[in-house]
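Heads up, the thing below is written out as structure tokens.
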Amino acid sequence: MEQRHLGRTGLRVSRIGLGTLTWGREPDEHDAADLLKTFWEAGGSLVDTADVYGDGEAEYLLGRLIDGLVPRRDLVISTKAGSVPDPDRRFDGSRGHLLAALDASLARLGTDYVDLWHVHAYDAGTPLEETLQALDLAVSSGRARYAGVSNFCGWQLAKAATWQLAAPGTRTRLASTQMEYSLLQRGVEREVLPAALDLGIGLLPSSPLGRGVLTGKYRTATPVDSRGASEHFAPFVEPYLDDTASRVVDAVATAADGLAVTPLQVALAWVRDRPGVVAPIIGARNAQQLTAALSVEALSLPDEICRALDDVSAPVHRYPDHDWSTL
């Protein structure tokens, strides 16, 4: 698998990442082992998790598989901290919470360090410089090799990255930002992606297949074995089952038919090769699904197909996002 630099750093990662959002609920340990081994054998290195995935079980499961199945040195492990199970405060970006959460993640993963550590979301209740100081401390102590943020909007990302570049003392440059990005969710193109490109921050798209909808599996009905049919994940899928999404999915399916490939491959190739994207993070229930996704390595979409998909999925961006003189 092709490797790419993560932002303006020396860290190289596989251009497809393996996500573990559902680990701890599905798959089971046997299927998780098959997923990790299949990914590694295909040349994949970036494995993404978080301390809240499966209430910590995702990290614990990944930790049990490291070394015994796949050498730790071959993986770029990324995890996140900051989300908390508190209805009154969904995110805690305080230095104390973040560093304690990192220590707990390392214990579950059974490793001395993570290659990449993200703040899971912006916490308006904590001064940003305090949150960023936690990243500096994590890197300077060796517990994290690189650091980034997740789910920061454009101004939040730009402010955080600029602080790290301009504030006095030894600061950790933001290597990455993880955001949802797909043909069904192009909101990052308004401000996040331009900021990331300008500041040398790599984008790691989550849900690059539109939460599974872009595979076409929901075109006629909701499969009984799909996440859209599960009690836990149905609300996650439902927002992308509207008429607007259907038009995009139909266009993806038409392109796939013309190229003699699958809708999954078309949708994943589109986001993988967008400017500023380093590695889409994909989730799979089993090795068969993962193998189907990894087969996109050999596919590059023709320019005319990309333009057609751009047009059918184009978000409405007006003032001040577009050139005001044309409005």
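Which one of E130, E297, E231 has the biggest mean-square fluctuation once the chain is modelled by GNM with Cα springs under 10 Å?
E231
Quick one: pull the percent of accessible area on region 272-326 belonging to carbon and sulfur, 1.4 Å probe, ligands and nucleic acids left out.
Numbers: 1650 of 3140 Å².
Carbon with sulfur: 52 percent of the solvent-accessible area.
List every residue whose amide H lies under 5 Å from the amide H of Q185, counting only residues 5 or more places away in sequence or on a different chain, with H placed 1.01 Å from N in the peptide plane.
Long-range HN contacts for Q185: none found.
Gaussian network model of the chain, Cα springs within a sub-10 Å range: biggest mean-square fluctuation belongs to which of G54, G258, G24?
Checking each option, the largest mean-square fluctuation is seen for G258.
Ignoring everything except DSSP H segments at least 4 long, calculate the 222 nm mean residue ellipticity for the chain; use -39,500 (n - 2.57) per segment, divide by total residues, nearest 500. Working shown, then result.
Working: 11 runs with 121 residues, N = 327.
So the calculated ellipticity at 222 nm is -11000 deg cm²/dmol.
Given T172, S83, P127, which one lies farthest toward the positive end of the charge dipole of region 58-200, if we put +1 on the Cβ of every Lys and Arg and -1 on the Cβ of every Asp and Glu?
Farthest along the dipole direction, towards plus: T172.
If you take every residue apart from E231 with its C-beta less than 14 Å away from the C-beta of E231, what net charge results, scoring Lys and Arg +1 and Asp and Glu -1?
Details: positive: R25, R227; negative: E26, D225, E238.
Result for the neighbourhood of E231: -1.
Collect residues whose amide H, placed 1.01 Å from N in the peptide plane, falls under 5 Å from the amide H of Q178; neighbours closer than 5 in sequence don't count.
Long-range HN contacts for Q178: V149, S150, N151, L204.
Take every Cα pair under 8 Å in the chain that's 6+ residues apart, average their separations, divide by the length, and report that relative contact order as a whole percent. Write down the numbers at each step before the final one.
On the way: 582 pairs, mean separation 58.1, N = 327.
So the answer I get is 18 percent.
Explain nothing, just compute: Karplus ³J(HN,Hα) = 6.51 cos²θ - 1.76 cosθ + 1.60, θ = phi - 60°, for every residue of region 145-154 in order, whole Hz, x for Gly and Pro.
Those phi angles translate into 8, 9, 9, x, 10, 9, 6, 8, 6, x Hz.
Find the all-direction average of the projected area of the Cα convex hull for the chain, expressing the result in square nanometres with one decimal place. Write out the running numbers ahead of the final one.
On the way: hull surface 68.2 nm².
That works out to 17.1 nm², a quarter of the Cα hull's surface.
What is the extension gain from T291 to M1, computed as 0.36 nm multiplied by their sequence separation minus the C-alpha to C-alpha distance, in nm to one decimal?
Working: separation 290, 0.36 × 290 = 104.40 nm, distance 1.25 nm.
Between T291 and M1, full extension yields 103.1 nm more.
Listed highest first by mean packing, meaning other Cβ atoms within 10 Å per residue, what order do 199-212, 261-274 come in?
On the way: 199-212: 24.6, 261-274: 22.5.
Those peptides, ordered most packed to least, come out 199-212, 261-274.
Non-local amide H neighbours of G17 (under 5 Å, H modeled in plane, Pro and chain starts lacking H): which ones?
I281, I282
Relative contact order, percent, of region 10-64 when contacts are C-alpha pairs under 8 Å separated by at least 6 residues? Write down the numbers at each step before the final one.
Numbers: 61 pairs, mean separation 26.8, N = 55.
This gives 49 percent for region 10-64.
Where both residues lie in the chain, what percent of DSSP beta bridges are antiparallel, nearest 5? The partial results should precede the final answer.
Values: 5 of 32 bridges.
Counting DSSP beta bridges with both partners in the chain, the antiparallel share is about 15 percent.
Can you tell me the FRET efficiency between D310 and S246 if r is taken as the Cβ-Cβ distance and R0 is 22 Å, rounded to the nearest 0.05? Show your work: numbers first, answer last.
Numbers: r = 18 Å, r/R0 = 0.81.
E between D310 and S246, to the nearest 0.05, is 0.80.
Roughly speaking, to the nearest percent, how much of region 1-158's 1.4 Å accessible area is carbon and sulfur? Please report the intermediate quantities before stating the final value.
Values: 2960 of 6300 Å².
Summing carbon and sulfur atoms, their accessible area is 47 percent of the total for region 1-158.
Just the number please: accessible area per residue for the chain, 1.4 Å probe, all protein chains included, in Å².
On the way: 14550 Å² over 327 residues.
Ligands and nucleic acids excluded, the figure is 45 Å² per residue.
Sorting check: for 9-18, 298-307, 153-162, which peptide has the highest mean count of neighbouring beta carbons within 10 Å, and how do the rest follow? It would help to have the intermediate numbers written out before the result.
Details: 9-18: 21.0, 298-307: 13.3, 153-162: 18.5.
The densest-packed peptide leads the list: 9-18, 153-162, 298-307.
How large is ³J(HN,Hα), in whole Hz, for each residue of region 249-260 in order, when computed from phi with the Karplus curve 6.51 cos²θ - 1.76 cosθ + 1.60 and θ = phi - 60°, using x for Gly and Pro?
3J(HN,Hα) across region 249-260, in whole Hz: 4, 4, 5, 4, 5, 5, 4, 4, 4, x, 9, 6.
HN-Hα J couplings of region 133-140 from phi, Karplus 6.51/-1.76/1.60, θ = phi - 60°, integer Hz, Gly and Pro as x?
Along region 133-140, the couplings run 5, 4, 5, 4, 5, 5, 6, 5 Hz.
Expected output is a single nm value to one decimal: the length gained when fully extending between R90 and D103, i.e. 0.36 nm times separation in residues minus the C-alpha distance. What is it?
Numbers: separation 13, 0.36 × 13 = 4.68 nm, distance 2.01 nm.
Additional length available on full extension: 2.7 nm.
The values are calculated or read from the model by the stated rules, or taken from the named source; none is laboratory data. All values reported here derive from a predicted model rather than from experimental measurement. Backbone-built Cβ (ideal geometry, glycine too); neighbour counts: all protein chains shown. Remember, those area values only see protein heavy atoms, side chains included, never the ligands or the DNA or RNA. Shrake-Rupley method; radii C 1.70, N 1.55, O 1.52, S 1.80 Å.
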